[in-house]
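Asks: What follows is a structure written as structure tokens; I'll ask about it next.
The values are calculated or read from the model by the stated rules, or taken from the named source; none is laboratory data. Quick caveat, the model's predicted, so the values are computed rather than measured. Note that we place each Cβ from the backbone using ideal geometry, even for glycine, and neighbour counts take in every protein chain shown.
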Amino acid sequence: MSAGAKVVGLISGGRQFPVLVARGVKDAGHRLVVAGFAGHTNPEVYPLADVFCELKLGQLSKLVDFFKQNKVEEAMMAGAINKPGVMDIRHLDARAVKLLFSLKGRGDDAILSAFTALLESEGITVLPPQAYAPGLMTPPGVLTRRAPDEREWADLRAGAVMARELGRLDIGQCVILREGIVAAVEALEGTDAAIRRGCELGGAGCVVVKVVKPGQEERVDLPSVGLDTVRLMAQGKATCLGVEAGKSLFFDLESTVAFADKAGIAIVGLDGMGSDESGLGESGPGESGRAT
């Protein structure tokens, strides 16, 4: 390797994020070691790796040994994983079972925080994946031409408080509601399934709110949205999306906003909403929508 180059490990799930991170690692001149999972990892990431290994979910010892054998110095996690598969104890090796049963809670953040601590105990520094894929953080304010109306602002405020509490309990990051009535909350099934269910139960006009969990390990599992999210909302006739600004990943921002504009969906980067630092007024900054 060239001077200054590192060995970077990527624990890769599905969708486009791990591919963006892998390209960033290679563009920086580093050696890329990828650990993937059969049926979960986007196969487009493998050709970018200097070396890769495909594991089964729950093979924690093999993953750690693979990284150590390849002298991984830094590691990141990126991409979607089927969470019910992770929790199937039949597929866990002895090290994973020990980690799981050492936890007081079994929520996503508890498990990922423990896994992060385990990697660092092995001398592997865990980094946020956006370190190698900059420019993905959600900007603040109204991002679409249409700002939320008064009812949608009310639902955004209420939903942010509810989602924050949901996250505090380490259940999920997303709430779907309409007229202040919760239609669905995200749990093990993930955001997409929660949106489908929420729109089916809540009907046209639902508002989707997604925020970071209080105290969340922000190097892993940040909230993320993108074009697929807004397409699902359009299919379910949801009309407004609020996602925490500065702490959430927003993929394909330009094309997603363009799609939302055509569908009449308002998108807001929530800045402090749902916390004591919220600077938003009673009706929200509706005048700050993107200029036409």
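Asks: Count, please, the residues in region 173-186 that happen to be surrounded by 24 or more Cβ atoms within 10 Å (Cβ to Cβ) and not hydrophobic (A, V, I, L, M, F, W, C).
Replies: Of the residues in region 173-186, 2 are surrounded by 24 or more Cβ atoms within 10 Å (Cβ to Cβ) and not hydrophobic (A, V, I, L, M, F, W, C).
Asks: Still on this structure: Is it the case that some residue within region 187-205 is modelled with pLDDT of 90 or more, part of a strand (DSSP E or B) and crowded, with 17+ Cβ neighbours inside 10 Å? Step through it out loud before you land on a result.
Replies: Filtering region 187-205 for residues modelled with pLDDT of 90 or more gives 191-205.
Narrowing the set further to residues that are part of a strand (DSSP E or B) leaves none.
No - not one qualifying residue is present in region 187-205.
Asks: With the condition kept exactly as written, say whether any residue in region 33-45 is closer than 16 Å to Ala22 by Cα, exposed (fewer than 15 other Cβ atoms within 10 Å of the Cβ) and free of Cβ contacts under 8 Å to residues at least 12 places away in the same chain.
Replies: Yes, region 33-45 contains at least one residue that is closer than 16 Å to Ala22 by Cα, exposed (fewer than 15 other Cβ atoms within 10 Å of the Cβ) and free of Cβ contacts under 8 Å to residues at least 12 places away in the same chain.
Asks: Then there is this: Mind listing whichever residues of region 250-263 are surrounded by fewer than 21 Cβ atoms within 10 Å (Cβ to Cβ) and either under 21 Å from Arg15 (Cβ atoms) or out of contact with any Lys or Arg (no Cβ under 7 Å at 6 or more places or on another chain) (or both)? Lay out the reasoning, then the answer.
Replies: From region 250-263, those surrounded by fewer than 21 Cβ atoms within 10 Å (Cβ to Cβ) are 251-255, 257-259, 261-263; that's our starting set.
Correct list: Phe251, Asp252, Leu253, Glu254, Ser255, Val257, Ala258, Phe259, Lys262, Ala263.
Asks: Lys71 is checked against (1) within 23 Å of Ser121 (Cβ to Cβ); (2) surrounded by 19 or more Cβ atoms within 10 Å (Cβ to Cβ) and fails just one. What number does that condition carry?
Replies: Single failed check for Lys71: (2).
Asks: Counting just the residues of region 147-172 that are among the acidic types (Asp, Glu) and over 14 Å from Thr239 (Cα atoms), which one comes out surrounded by the fewest Cβ atoms within 10 Å (Cβ to Cβ)?
Replies: The first filter runs over region 147-172 and keeps only residues among the acidic types (Asp, Glu), leaving 149-150, 152, 155, 165, 170.
So of that shortlist, the ones also over 14 Å from Thr239 (Cα atoms) come out as 165, 170.
Values: Glu165: 15, Asp170: 18.
This residue is Glu165.
Asks: Please report, ordered by residue number, the strands (runs of 3 or more DSSP E) entirely within region 1-108 with at least 1 residues that are at pLDDT 85 or above and farther than 25 Å from Ser248 by Cβ.
Replies: Correct list: 7-12, 31-37, 51-55.
Asks: Being more than 23 Å from Leu10 (Cα to Cα) and crowded, with 20+ Cβ neighbours inside 10 Å is the filter here, so list the residues in region 212-231 that pass it. Full working, then the answer.
Replies: First, the residues of region 212-231 that are more than 23 Å from Leu10 (Cα to Cα): 213-215, 227-231.
Lys213, Thr229, Val230 - these are the residues of region 212-231 that are more than 23 Å from Leu10 (Cα to Cα) and crowded, with 20+ Cβ neighbours inside 10 Å.
Asks: Determine, yes or no, whether Gly242 is modelled with pLDDT of 85 or more, crowded, with 17+ Cβ neighbours inside 10 Å and in a strand (DSSP E or B).
Replies: yes
Asks: Taking region 187-237 as the region of interest, how many residues are under 12 Å from Leu177 (Cα atoms) and among the acidic types (Asp, Glu)?
Replies: 1
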